[in-house]
Structure formats: structure tokens, C-alpha cells
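To start, the structure under review is shown below, and the notes come after it.
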Amino acid sequence: MQWIYGFNTKNIRGDLLGGLTAAIVALPLALAFGVSSGAGAIAGVYGAICVGFFAALFGGTPSQVSGPTGPMTVVMAATFTHYSGLDPEQGPVLAFTVVLMAGAMQVLLGLFRLGKYITLVPFPVISGFMTGIGVIIIFLQLAPFIGHEGASSVVGALALLPQQVTTLNPWATALGLLTLLTVFFCPRQITRFVPSALIALLLSTLLAMLWIPADKVPVLGDIPTGLPALVWPQISMPLLSDMLIAAMMLAMLGAVDSLLTSLVADNITKTHHDSDRELIGQGIGNMAAGLLGGLPGAGATMRTVVNVRAGGKTPISGAVHALVLLVIVLGAGPMATHIPHAVLAGILLKVGIDIIDWRFLGRLHRAPLFVITLMLLVLFLTVFVNLITAVFIGVFLANIVTLKRLADSQVDALRVIADQPEFLPDLTLDEQQLLRDAKGQILLFHFEGPVSFASAKGLSKKLAVTNPHEVVVMDFSRVPWIDVSTAMVIEDLIIDARRLNREVLLVGLSEAVLNVFERLRILNRITQGHLFDDRASALIKASELSRTQSI
């Protein structure tokens, strides 16, 4: 097995260029995410270094670049604020312990090979929570955008906004607007070489230093320089369940965010990622971030696309991106002290706007009512409750509706045939004649497709309404698998038939269906010799039995 998935040195020039370009894109975002989280600008950079480096080495998507993302920062901000409020001294340590726990959970998801299931989240749910995260980022950045201190929650931000608008800082607002306009309207000919976020950061900060009087706008201030100190994990037993829930939220969001970005990377590179390895790599990266006081991260779509377009194809590019950021943080700390909060808020407003699923919102009015309701419900819960509640409720409701539709289609596919064989077109002429000759004494149950627990009750009702007969033939020729709930319904039907002295014949049991029946000992209810591989043989036997019982 290859220790570093997709590693090779054939594209070293492209990987170096891709990693360097991705680092330039990542720097302003890492600073902004760090400030937004409450952990400080340097925490964003440490997170980008840790997650970016270890996810590249141990992950399963060669061209992916990882680091702090908008969705992960929103959850981390709530976590950091919560624990810091409970204990200003030890709260940050608890928050970074949660990051470590989340990374460990992601590693376990990968080791248990659950990667392929992570992205099985219905699209309206993904659209709802991504749009909700975009809305959260926008609401939380409005205050620093106009020169005020940001709130820790959307409700708090909205409550303070009217007063803050009437007392806005014109200098900060002007810088924020300049930043926002730059990231939106910077000419594409320029952004091909230098990302618009970096241009906005440098331009607005330079203007603030040269033309705006000192102390007129809030700035980052002193930023630590050098290698991070180790943050020893600490668990508070009274808060353990709360920490586990927060960690699970970060782990699941990071898993979904990363694997969706992996799909994007696959699409543009025409390759195939390894979901389980990707989860392990992301988990190791987040564990390192938690130990070194960095923000949690995930696969970052924009940075990954930039990396690929610049020539990055292997894990070398992701590792280079992290090492470039490390070099910057070792020497550029004093330069970042002058960056205004309004500038970073302008960059994050663009991030929030980009996260919103405008493509789906534009056609939401054309979607079915349930899809509209589901998407808006997840959006509301994401913004005003929390992400994990929003996703769990959204997935639960979507699955309930999906199961109901699946059950209806399975019940509709069932054919109960006595003396009208024309209702099952694939019967041969001989089989049709056997059923006609039996004159209703043979009842054929023809199942179609996989049969699940969702349809068990409906099947039971449909099979119960039948005419008097002597022999039951259950045809499973087109059933690839069956679950336990439906198998128990089949057993009830066999028991009822045998109680009335009716013979039961089973046809075409696949290996999967036969395995379920054998495990549950349902075949013990069947007379020996009443299992058949083909329907014609079963109908001939049923015809003989019906004549015998009629005498």
C-alpha cells in the first residue's frame, strides 16, 4: 500500500507552484477565520498549517488543499465562545480539546470505512445548512465591517445591529467597502496571478496605515511569531457530554465538507479519491491543530481549485502550501498587526456570500413543496439553533419521505395473480396455461426488486386480501435482497397458509434472500422439496398439489 496516496515526483514543478499559489490564497482567509473564531488570527494560520500538511500526507485526495473553512469556523466560534464564557482561563484549552476529539472521531470514521456513507446527505439538506452557514458568517461580520466589536451569536448580532448602524465608524466602513469591492470586482486578468483576497488585504491595510489616523479603526494588534506552543488536552467531566456533542458536530461537518471537496477535485482532475483515507488524513490534521492551538479545518474547495489550476496534482502541493504558511508565520507576524478588523470582515463577507447556495435558491420556487420546506427548515435551524440539529432533523425527514416513496413503489410492484395471468407479462405461455387450468386454486405472488422494511406493512395488507386457493407460489426471482422485517411478514403469510392446509412453494431465492431465510429459520416452515430455482417447475408442482387437494 502506498504510504502517501497519489505521491510521485513527476509533477514537482507544478506541485511547487500550486502549493505556493494556494498558500497566497489561504493566508488572508486563515487570518480572517482566526479572528472570526475568537481564538485569534494566529490560530487560523496554525490551523491552516496543521490540517493542510497532515491531510496532504495522510489523506486520500492527492490534489486537495485543506485548512480552516467557513463552515468549520462557524462551529468553532460557537465552541470557543461557549467554553471561554464558562471559564475564561481554561475555556480555550477545552475548545482545542474538542478539536482534538473531533479529529480522533474522523480517524475512527475512516478506520471503520464509513467514508462512502458520509456524503449520502440529501441535497436540500446540504443546500440548507451551507446557505445557513453563509448567512451566519454575514450576520456575524456586519459589526466589525462597520467598526464595532462582533457578537458571538446571530441573535446577539441582530439585536445590536440597529444601534451599531447608527454609530458606525466611517473609517472602518470605508475600508470594509473598499475590501468588499476589491474582492468582488478585481479584474480577472489580475486575479489569475494574485488572488483578489490578498490584493484587498494589502491594498486596504496599506491605505489604513498611510491615510487613516492612528486609533481610528480597530486593528489586529500584536500577533505571536514563531512556532506554536503545545496545548495539553483537558477534559472537564461535568462538560464531557457537551464536549462530545461539539466534537461530533465538528467531525461530521469536516467530513462532509472534505469529501464534497474531494468530489470536486475528482471532477476537475479526472481522478478518484479514497474517502476513508481522506477522513483519516483530515482527522490527523485536526488532532494536530487541537494540540497546537489551531483552528479545525477541512478540504477547502477554492484553495483546491486554485492549486489544481496552478499545476498542483499530488500531495506535495498541499504540503508545500502548509510549509509556505509556516515560513510566513515565522517572520511576518509584526506586519499583520496593522491589518484592520474591517478588512478581514470584508473578506469574510465575500466568503459568506459565496457559501450561500444561490444556484439552488434561484430555482427553489420550482421545487416540490416538501423540498422547499425541508431546505428552509434546515436553513432556519442552522442559523438559529445549531448545525447538528439542523442536519439530523433534515436527514431524518428526508429519509422518512424517501422510505415512504420506496415502500409505495415496492407495494405497487407486487403482483398477486390467480386466474388472470395476463397481468404478469413475463409469464410464458405454458405458465399462463397452468394458472388458467388451476381455476384460481393456485395463487402466485410475484415480488419485484429489493423488498425492504418500509414496505412490509403495505405488503402484508395487499397479500391478506386474496381469494380462496389451495397452493401459494411465492416468486422471488427478481428480488436481489430482502430485509428482516419483510422476511418476518413472509413467515406470517406462510404460517397463515399452512394453518389453512395450503401448500407454500418458494421460487428463485437469490443467495442474499436465502441467507436471510436460513438465518431466521423461515425455511423450516416450508415442506421439504418446495424450493424451486425456476417458476415453471414450481407451477407444475403447484398444479399437481392443487389437483391432489381437490380430490
Is it the case that some residue within the stretch 33-50 is touching an Asp or Glu at 6+ places or on another chain (Cβ under 7 Å) and either in contact (Cβ under 8 Å) with a residue 40 or more places away in the chain or of a type in the set (A, V, I, L, M, F, W, C) (or both)? no
Which pairs do you get when a residue that is within 28 Å of Val219 (Cα to Cα) and among the basic types (Lys, Arg), found in the stretch 341-364, comes within reach of a residue that is surrounded by 20 or more Cβ atoms within 10 Å (Cβ to Cβ) and at pLDDT 90 or above, reach meaning Cβ atoms under 7 angstrom, with the pair 6+ apart or on two chains? Lys350/Leu180; Lys350/Val183
Only one residue in Val98, Val65 is under 18 Å from Thr314 (Cα atoms), of a type in the set (Val, Ile, Thr) and modelled with pLDDT of 90 or more, so which one is that? Val65
Before we move on, is Leu220 under 30 Å from Val327 (Cβ atoms), crowded, with 20+ Cβ neighbours inside 10 Å and of a type outside the set (Gly, Ala, Ser)? yes
Meets criteria (modelled with pLDDT under 90, over 29 Å from the mean Cα position of the chain (by Cα), under 30 Å from Arg309 (Cβ atoms) and hydrophobic (A, V, I, L, M, F, W, C)) for Ile223: no
So which residues in the stretch 515-544 are closer than 17 Å to His446 by Cα and outside any helix (DSSP H, G or I), if there are any at all? His530, Leu531, Phe532, Asp533, Asp534
Can you find a residue in the stretch 227-249 that is touching a strand residue (DSSP E or B) at 6+ places or on another chain (Cβ under 9 Å), under 29 Å from Thr119 (Cβ atoms) and in a helix (DSSP H, G or I)? no
Hey, can you tell me all the residues within the stretch 462-487 that are surrounded by 15 or more Cβ atoms within 10 Å (Cβ to Cβ), assigned to a helix (DSSP H, G or I) and at pLDDT 85 or above? Ala487
Given (1) assigned to a helix (DSSP H, G or I); (2) surrounded by 13 or more Cβ atoms within 10 Å (Cβ to Cβ), index of the condition Ile400 fails: (2)
Note down all Cβ pairs under 6 Å where the first residue falls in the stretch 150-167 and is assigned by TED's automatic domain parsing to the domain that holds His341, the second is surrounded by 11 or more Cβ atoms within 10 Å (Cβ to Cβ) and modelled with pLDDT under 90, and they're at least six residues apart or on different chains. Ala157/Ala151; Leu160/Ala151
Test Asp266 against the criterion of being more than 21 Å from Ile356 (Cβ to Cβ), assigned by TED's automatic domain parsing to the domain that holds Tyr83 and not polar (S, T, N, Q), and give yes or no. yes
Conditions (1) of a type in the set (Val, Ile, Thr); (2) surrounded by fewer than 24 Cβ atoms within 10 Å (Cβ to Cβ); (3) over 20 Å from Asn286 (Cβ atoms); number of the one not met by Val107: (3)
Does Gly14 satisfy being within 30 Å of Lys270 (Cβ to Cβ), within 22 Å of the chain's Cα centre (by Cα) and in contact (Cβ under 8 Å) with a residue 24 or more places away in the chain? no
Is it the case that Ala265 is over 25 Å from Ala78 (Cα atoms), of a type in the set (A, V, I, L, M) and within 23 Å of the chain's Cα centre (by Cα)? yes
Looking only at helices (runs of 4 or more DSSP H) that fall completely inside the stretch 280-367, which ones have 3 or more residues that are hydrophobic (A, V, I, L, M, F, W, C)? 301-309, 315-331, 341-355, 358-361
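Here is a yes/no grid of residues against (1) surrounded by fewer than 21 Cβ atoms within 10 Å (Cβ to Cβ); (2) in contact with a strand residue (DSSP E or B) (Cβ under 8 Å, 6 or more places away or on another chain); (3) under 22 Å from Ile133 (Cα atoms):
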site: Asp15; (1), (2), (3): no, no, no
site: Gly59; (1), (2), (3): no, yes, no
site: Leu86; (1), (2), (3): yes, no, no
site: Leu111; (1), (2), (3): yes, no, no
site: Tyr117; (1), (2), (3): yes, no, no
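The values are calculated or read from the model by the stated rules, or taken from the named source; none is laboratory data. On a predicted model such as this, the values are computed, not experimentally measured, just so you know. With ideal geometry, Cβ positions are generated from the backbone for all residues, glycine too; neighbour counts draw on all protein chains shown.
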